[in-house]
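Let me begin by presenting the structure, written as structure tokens, before commenting on it.
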Amino acid sequence: MGKGLAYIFLGLAFLLQTSMHSQQKHSILKALDSLIAADAFGSVQEIIQTEIKGKTKDPSLNLGRLVYPLAKSEFLLDNGTHFPMAQELLKDLEAKNQADSVQYEAFLGLGLAHVDQGSILQANAYMSRANALANTMQNVQRKVASEFHLGEIGLKLGDIDQLMARTDKALRLMDAHPKTRFHLAPRILNYKASLMHFMAKPDSADYYFDKAIRSIDTMDKDAERLYYLPGTIYGNWTMVKQSAGDYDTAMELTLKSISRFNTFLQNTHNHPLTEKVHGNLSIAYRNLGSLYNDFGDKEKAIQVATLGYNHAKKHFLPNTVQYFSAVLMMAEAHLYGESPEKARTYLKEAEASLISIPGTNWSYAANLYFALADLEKKEGNFLEAITNYQKTLEAYTNSSTDEFSQNIIFARSNLAQVYAEDQQFGEALALIDNTYSKVAEAYGAHSYLAKMMLLSKIKIYFLKRDFESAIKLCQQLLDRYGSTADVENRPYLWSEQAEILMYLAKSKLRSLPHSPKNLIEIAQIIDGATALVEKRKSLVTSPEGVSNLIANNREIFNVAKRVYVELYQQTNDDAYLEKVMALHESSIYNRIRARLNLTADALAPIDIREQENSLRNQINGFFDLDENETQFNVAEWDSLEGAWQDHLDLLQKEYPHYYRMRYASIVKPLRNLGQHIPTNTTLVRYFSDGDDNYVYVYQDGRSNLVKLGPLKDICITSISDYSVPEDELFDCLHQLYQIVWAPIEAIVKTENVIIFPDGELFNLNFELLTPKRIRSYRELAIQSLLAQYNISYNYSLFMLSNKQGVIGFKKDFIAFAPEFDEEMKKNYQMAVSDSLFLDQTYLTLLPQPFSSKLVKKFSRKFDGRSFLNEKASKQLFTKNAKEHKIIHIGTHAESNNVSPELSRLVFAKNVGDSLDINDNYLYTYEIYDQNLSSHLAILTACDTGKPTYQPGEGMISLAHAFNYAGSESVLTSLWQIDEKSSNEILERFYGHLSEGKPKHVALRLAKLDYLAHGQGRTLHPQYWAGLVLMGDTSPVELSRPAFWLLWVVAVLTLVFVAMVFLKKKSSPKGS
């Protein structure tokens, strides 16, 4: 079980330092504060030098109190300073044997200045001297203050024992003087409350936090009292509520904390507490990101982590706790957001930061080891994970032998899980039982943490194949969640309960006889889990968020598919098969549904959709601030979230069809499939349930389900590799036929086939598969699926019913073809004044003369427009491409398999605009927002159709983006193909298309023509077979050339000539 981001950085997240001299300030000290706030550091130093020399001779001023503002001015001028002026003043005061009270204030001030700087060891030395003087003077206020500051320094050093001892001593001093008002009381109580949480005493923590808030003097209107103190206490209180699973209260407290800190920073400048507020704000961002992670919104968790990271980079040095905390937060956000490589990068940065922080830092080290262990566990490196979890627990023990915090609880739980993964079941069960016992004693058997330990034990039982124990514990744990109504109103429970239901279903599926009765019972259980995933979807606003939610719950959907497959196999009830396909298609289609172009089918008024887009853009971009902008308005965020829920309520009530299209159930029923299938067409859908592979075939109202063999390590990549020997390739094509087509060959009886690939099959052109082993490439024309079927492809069965119905385009054809010849590149080089900004990749692009030639020819034939060379720019494409029957793009492309949204088409450089000259790349994420309504988009660029497959998300590629943007069908390439060969095929394709042939028929005939006339190596599939059609297959009704006008003119001319001739002939001859 991952801890998510919900862990306590030190058990005490927020540092609650007091400002210097917060009570009854001397007028000179107030003046110095004002000058510091105005950045008048030179004036500060001049005034202090005047006072030191005794020119004003004000006996009421304690000269020791001048050390802190002097050091502060030095720090603000140079954050790496050694405080030479403040050090000199301290030495001068010591040399003159000033009173203990003066020396106390001087040591205290220099200690606090070193805390601000992050020089904690030096701070500890100065604060210890101040504490010794306070004890000598027997001044209770100063004794309490110095004990508090030494406790805080212990926290920064990772020495929890020092923090505990100093905090308790300060409390005893306060208790011994009940009639004395201590201005540090809220801070000391805050630390005591945090320590109670740290020691697994949540009730005591709540008591002390509440007491800390009530101890704040509300009559004091100072920013420290109004904003800093409550913000800090609310921030620490968040951890208690989050550990208890009370996420609603935790979110409320976190937003209160952020709001207070932002208000403090807006109303002060160079305040003595400014550095502390910036640090606490970074930690508050971490808590907010943690909550979004626990709610399942990984995208927002990363956005908030980035905000905190940028904030720390702006305000702190790498050798500070605040910086380390922010970097570690980024690492964890990416780790739990499924980006392990990014996580590893940030963990290395966090490790470097930790090494540079003074002190032993055991608590910090523990958190770093924890994240490293989670990363190794996620990547299946169990031995490394075990080592790092053991280091985590050892570091926590070194930090404090009395600690039993949430950190240790989850570290123990994760270690037990890894033991089980490594088949060490004895160690796993012993550790989780011991941990549960301690948690139940500290937090209660019905607490959130106790339930999490039992869920961890369920997983261990399942790995041990002790299904009976797993079932029993699942049922016990579900009983502890209380009534359905209770769970219904607590979204943070939905994820855990869904996981318990999944393990209950899996355990019963593994242990019970697979009778229809038992399978129906298991189906009801797993349906409960999918329903809870559905509920969590209501909390997510972006398409990416929905996709991530489905991906993170993939196992639940796979278990559901397994159960319903078995029910279908046992009962032959088509309703169960329909449920299987609905589960599979829904997981793919949800990503598509949120982005479909709805302009043609306006299910909601345009003003409603514009309002929706505005709200979504504001919410999804709320935390995407500039790197230097590191604060946000909490009230505005609350308002946006409320407005979003109100908008969904409005849609559900007033525009139910639109609501169902965009936001309704993840699992959408697959109804009336036959109504959306072209005649004489068979649907072939490949899918997996996580364990086995299947193919679903639908034809003439009949459904069939066929189980396939393993699809791992199949030779798909060999097809497009010219270096593979012919014999090996011919073997591969026949083997692939046997694996993916032979099991269904007797079922497919129509000449038209729509294939819906899954996983690696997206990389396969099925046309190449051969029922018999061929001996030459030319045999593909008679011994392959190409010879038998008109094949097209699609992403989801649901897409069949979502043809966008864009009709009545007046314009037939538009084309964009930057040839990338030497003249284009030369013009670009001349237009760039600074060679530093030259796009060297652009200068190395291969010329594409055949694309330009093809575009010119068919622009004339179809009476269309073509944009060639420099005119084929991104800007002109965006402006002109929409609403044509055919959009043809002949250019280069770059496919990014790591970040699919960064795949891009390469257009001509905009040499006429010096500001946007290098804005010639059209990225996938940009295409989603374009209007590219058309019957057919042709992308002949290399790699444009190559799928960047991610399990559960289908194919994310440039071709897919065009489909989102309004193109009913896309003709594209699965791999890099030869420009000359592809254009030969396209020329034949256009010829057949202009004859009225359906798109998939035209493409098949074009390929057969190519094979009939091709020679030598150009017959290899690499040269021609990558071209595929995705989407709608119907013909494109192109306008006929206007030859009839010529005939009319010719006929009229002949008639006119005849009439003239006849008139002349019938005229009487001259007398």
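The values are calculated or read from the model by the stated rules, or taken from the named source; none is laboratory data. Here the structure is a predicted model, which means the values were calculated and not measured. We place every Cβ from the backbone using ideal geometry, glycine too, and count neighbours over all the protein chains shown.
Of note:
- Scanning the range 878-902 for residues that are in a loop (DSSP other than H, G, I, E, B) and modelled with pLDDT of 75 or more turns up Ala881, Lys882, Glu883, Gly890, Thr891.
- Among the residues making up the range 777-789, those that are touching a residue at least 24 places away in the same chain (Cβ under 8 Å) and either crowded, with 21+ Cβ neighbours inside 10 Å or out of contact with any Leu (no Cβ under 8 Å at 6 or more places or on another chain) (or both) are Tyr777, Leu780, Ser784, Leu785, Leu786, Gln788, Tyr789.
- Test: residue in the range 592-600 that is in a helix (DSSP H, G or I) and either at pLDDT below 65 or under 23 Å from Tyr658 (Cα atoms) (or both): yes
- Asn319 fulfils the conditions (1) surrounded by fewer than 23 Cβ atoms within 10 Å (Cβ to Cβ); (2) in contact (Cβ under 8 Å) with a residue 24 or more places away in the chain; (3) assigned to a helix (DSSP H, G or I) except for a single criterion, (3).
- Within the range 634-649, tally of residues that are more than 13 Å from Arg616 (Cα to Cα) and touching a residue at least 24 places away in the same chain (Cβ under 8 Å): 3
- Some residue of the range 440-452 being assigned to a helix (DSSP H, G or I), at pLDDT 85 or above, crowded, with 16+ Cβ neighbours inside 10 Å and more than 32 Å from the chain's Cα centre (by Cα): yes
- Checked against the criteria, Met174 does not count as at pLDDT below 85, in a helix (DSSP H, G or I) and within 30 Å of Gly359 (Cα to Cα).
- Helices (runs of 4 or more DSSP H) (entirely within the range 184-272) containing at least 3 residues that are closer than 30 Å to Leu76 by Cα: 185-198, 229-243, 247-267
- Single match in His278, His269 (criterion: in contact (Cβ under 8 Å) with a residue 40 or more places away in the chain and touching a His at 6+ places or on another chain (Cβ under 7 Å)): His278
- Residue check for Leu986: modelled with pLDDT of 85 or more, under 22 Å from Pro849 (Cα atoms) and not in a loop (DSSP other than H, G, I, E, B): yes
- Scanning the range 177-223 for residues being crowded, with 19+ Cβ neighbours inside 10 Å, charged (D, E, K, R) and modelled with pLDDT under 85 gives a total of 0.
- For the criterion of being over 29 Å from Met452 (Cβ atoms), touching a helix residue (DSSP H, G or I) at 6+ places or on another chain (Cβ under 9 Å) and surrounded by fewer than 19 Cβ atoms within 10 Å (Cβ to Cβ), Asp168 passes.
- Positions within the range 39-48 being under 19 Å from Gln98 (Cα atoms) and modelled with pLDDT of 90 or more, in sequence order: none
- Ser257 falls short on exactly one of the conditions (1) crowded, with 20+ Cβ neighbours inside 10 Å; (2) among the small types (Gly, Ala, Ser); (3) out of contact with any Phe, Trp or Tyr (no Cβ under 6 Å at 6 or more places or on another chain), and that condition is (3).
- Hits in the range 30-50 (condition: surrounded by fewer than 18 Cβ atoms within 10 Å (Cβ to Cβ) and without any contact (Cβ under 8 Å) to a residue 60 or more places away in the chain): Lys30, Ala31, Ser34, Ala40, Gly42, Ser43, Glu46, Gln49, Thr50
- Selection over the range 749-767 of residues that are more than 21 Å from Glu585 (Cα to Cα), surrounded by fewer than 21 Cβ atoms within 10 Å (Cβ to Cβ) and not polar (S, T, N, Q) gives a count of 2.
- Elements of the type helices (runs of 4 or more DSSP H) sitting completely within the range 30-103 and holding at least 2 residues that are more than 57 Å from the chain's Cα centre (by Cα): these cover 41-52, 84-95.
For every residue, the table says whether it meets (1) within 15 Å of Leu29 (Cα to Cα); (2) outside the structural domain of Ser119 (by TED's automatic domain parsing); (3) surrounded by 12 or more Cβ atoms within 10 Å (Cβ to Cβ); (4) not β-branched (Val, Ile, Thr).
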| position | (1), (2), (3), (4) |
| --- | --- |
| Gly54 | no, no, no, yes |
| Asp58 | yes, no, yes, yes |
| Ala71 | yes, no, yes, yes |
| Glu74 | no, no, yes, yes |
| Gly80 | no, no, no, yes |
| Asp92 | no, no, yes, yes |
| Ala95 | no, no, no, yes |
| Gln103 | no, no, yes, yes |
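- Within the range 439-450, being in contact (Cβ under 8 Å) with a residue 60 or more places away in the chain and either in contact with a Lys or Arg (Cβ under 8 Å, 6 or more places away or on another chain) or farther than 16 Å from Ala244 by Cβ (or both) holds for one residue alone: Ala442.
- Here the condition is being farther than 24 Å from Phe687 by Cβ, touching a strand residue (DSSP E or B) at 6+ places or on another chain (Cβ under 6 Å) and part of a helix (DSSP H, G or I); of Arg1017, Arg1004, it holds for Arg1004 alone.
- Long-range neighbours under 6 Å by Cβ, at least six apart or interchain, first residue in contact (Cβ under 8 Å) with a residue 24 or more places away in the chain and in a loop (DSSP other than H, G, I, E, B) within the range 837-861, second surrounded by fewer than 17 Cβ atoms within 10 Å (Cβ to Cβ) and among the charged types (D, E, K, R): Pro847/Asp821
- The listed residue being farther than 30 Å from Tyr396 by Cβ, at pLDDT 90 or above and of a type in the set (D, E, K, R), out of Glu74, Glu51: Glu74
- Within the range 428-438, the set of residues being surrounded by fewer than 20 Cβ atoms within 10 Å (Cβ to Cβ) and more than 20 Å from Gln242 (Cβ to Cβ) comprises Leu429, Ala430, Asp433, Asn434, Ser437.
- Unmet criterion (only one of (1) within 34 Å of the chain's Cα centre (by Cα); (2) surrounded by 19 or more Cβ atoms within 10 Å (Cβ to Cβ)) for Gln875: (2)
- Odd one out for Phe425 among (1) within 20 Å of Ser243 (Cα to Cα); (2) over 30 Å from the mean Cα position of the chain (by Cα): (1)
- Subset of the range 700-728 that is of a type in the set (A, V, I, L, M) and in contact (Cβ under 8 Å) with a residue 40 or more places away in the chain - its residue that is nearest to Phe762 (Cα to Cα): Ile716
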